[in-house]
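Everything on this sheet refers to the single structure shown next.
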Ligand SMILES: Cc1cc2nc3c(=O)[nH]c(=O)nc-3n(C[C@H](O)[C@H](O)[C@H](O)COP(=O)(O)OP(=O)(O)OC[C@H]3O[C@@H](n4cnc5c(N)ncnc54)[C@H](O)[C@@H]3O)c2cc1C
């Protein structure tokens, strides 16, 4: 079996996007039992600075195409180049990060290849299916997140899926595959450039979920913007980051970029403290892989207690000040 990962660079830092590392390792674990090959494909002006990291995560080869005209996203050009790269390799599986770029290009590529694409998968595995042999099973929430659908592409190749950043994990222990970079040759056509960039404004995010071991998240139960100050205080006291449920975002308690869940961020901190959050399936989709979950909720039957390792039944307005006092004394 052969698999391809679309490799992306973070234009702000020039480094690999985390999702490219996560998917490289995921593909490696999927293909390892079949002694399959893991190939990265990249197109852009310059290779990511830390490209060699991918070989420590199971990459066997990187096929790249460099052109200054690809400094910024040019969907049509990317579609043509990536489609040619994929056709030249005839892989069984192709994975894209469900980033802005991935969401733009993956459907164009899948349609050019006449194959299926399952977006925003939360689980990927290989298993036998009827007389089709081993195929990729792609799981994702469907119908508003109320069911988990398992989607397959039994007849077409490659089987394509996209996955959001943070859903798959990177191991601590690294591999030592030799670095193998292969330049791809293609007759670049200027007509492929369809977008003109007049100015690009990089929005700097203040949210650092990826690098935070502790996340304190508030939900609708927090009650008001003022009360949400308690969530922030607890997060800061623990040197962590604060997040919110969609209901809390909708009520204006926190910014949209802090939303955790199916349509927000997927987080996996060492400790997740859910305050006044009921634990709807769409919220759980973004946090249930956290190493330890503590829930604070005044309703003892709140579903969040079903996945919490520890729970406090109580009003956050009383509980959080006690925790803050305790943390201050501990210091
Ligand atoms: C397609 C789709 C995508 C979605 N994506 C997301 C997503 O990405 N993220 C997300 O979070 N949701 C998402 N949702 C919404 C989700 O279904 C829930 O509506 C939402 O998660 C509820 O947020 P909540 O738990 O904060 O609010 P509620 O469900 O209203 O729960 C509030 C909780 O606070 C408790 N409470 C009230 N007062 C207090 C108090 N003083 N002290 C302690 N506890 C208190 C209550 O007992 C209750 O359990 C999505 C929904 C759909 C249909």
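The values are calculated or read from the model by the stated rules, or taken from the named source; none is laboratory data. Computed from a prediction, not measured in an experiment: that's the story for all the values here. Because the Cβ atoms are built from the backbone with ideal geometry, glycine has one as well, and the counts that use them run over all protein chains shown.
Residue-by-condition table, conditions (1) part of a loop (DSSP other than H, G, I, E, B); (2) more than 17 Å from residue 228 (Cβ to Cβ); (3) within 8 Å of the ligand (Cβ to nearest atom); (4) modelled with pLDDT of 95 or more:
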site: 279; (1), (2), (3), (4): yes, yes, yes, yes
site: 282; (1), (2), (3), (4): no, yes, yes, no
site: 289; (1), (2), (3), (4): yes, yes, no, no
site: 293; (1), (2), (3), (4): no, yes, no, yes
site: 296; (1), (2), (3), (4): no, no, yes, yes
site: 312; (1), (2), (3), (4): no, yes, no, yes
site: 320; (1), (2), (3), (4): no, no, no, yes
site: 329; (1), (2), (3), (4): no, yes, no, no
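Yes/no matrix, rows are residues, columns are (1) touching a residue at least 40 places away in the same chain (Cβ under 8 Å); (2) part of a strand (DSSP E or B):
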| residue | (1), (2) |
| --- | --- |
| 26 | yes, no |
| 29 | no, no |
| 40 | no, yes |
| 46 | no, no |
| 49 | no, no |
| 52 | yes, no |
| 65 | yes, yes |
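Only one of the numbered conditions (1) within 20 Å of residue 206 (Cα to Cα); (2) in contact (Cβ under 8 Å) with a residue 40 or more places away in the chain; (3) assigned to a helix (DSSP H, G or I); (4) away from the ligand (no atom under 13 Å from the Cβ) is violated by residue 269, and that is (3). When region 138-153 is filtered for residues that are loosely packed, with under 13 Cβ neighbours inside 10 Å and touching a residue at least 24 places away in the same chain (Cβ under 8 Å), the ones remaining, listed by number, are 144, 146.
If the condition is being within 30 Å of residue 328 (Cβ to Cβ) and more than 16 Å from the ligand (Cβ to nearest atom), then region 181-209 contributes 205, 206, 208. Among the conditions (1) under 24 Å from residue 180 (Cβ atoms); (2) surrounded by fewer than 20 Cβ atoms within 10 Å (Cβ to Cβ), residue 39 misses just one, which is (2). Kindly check whether there is at least one residue in region 238-245 that is in contact with a strand residue (DSSP E or B) (Cβ under 9 Å, 6 or more places away or on another chain), under 23 Å from residue 313 (Cβ atoms) and near the ligand (Cβ under 8 Å from one of its atoms). Yes, region 238-245 contains a residue that is in contact with a strand residue (DSSP E or B) (Cβ under 9 Å, 6 or more places away or on another chain), under 23 Å from residue 313 (Cβ atoms) and near the ligand (Cβ under 8 Å from one of its atoms). Considered as a group, the residues in region 287-301 that are in contact with a helix residue (DSSP H, G or I) (Cβ under 9 Å, 6 or more places away or on another chain) and farther than 20 Å from residue 213 by Cα include one that is surrounded by the fewest Cβ atoms within 10 Å (Cβ to Cβ), and that residue is 299. Within region 101-123, the residues that satisfy the criterion of being in a helix (DSSP H, G or I) and in contact (Cβ under 8 Å) with a residue 40 or more places away in the chain are 101, 102, 103, 105, 106, 109, 110.
Within region 49-79, the set of residues being in contact with a helix residue (DSSP H, G or I) (Cβ under 6 Å, 6 or more places away or on another chain), surrounded by fewer than 18 Cβ atoms within 10 Å (Cβ to Cβ) and modelled with pLDDT of 95 or more comprises 75, 76.
Restricting 126, 135, 170 to those that are in contact (Cβ under 8 Å) with a residue 12 or more places away in the chain and part of a loop (DSSP other than H, G, I, E, B) reduces the list to 170.
Scanning region 178-211 for residues that are at pLDDT 95 or above and either outside the structural domain of residue 79 (by TED's automatic domain parsing) or in contact with a helix residue (DSSP H, G or I) (Cβ under 9 Å, 6 or more places away or on another chain) (or both) yields 178, 179, 180, 181, 184, 186, 188, 189, 190, 191, 192, 193.
Filtering region 246-266 to residues that are more than 6 Å from the ligand (Cβ to nearest atom) and assigned to a loop (DSSP other than H, G, I, E, B) leaves 251, 252, 253, 254, 255, 266.
Within region 210-229, can you find the residues that are more than 10 Å from the ligand (Cβ to nearest atom) and in a helix (DSSP H, G or I)? Listed by number, the residues that qualify are 225, 226, 228, 229.
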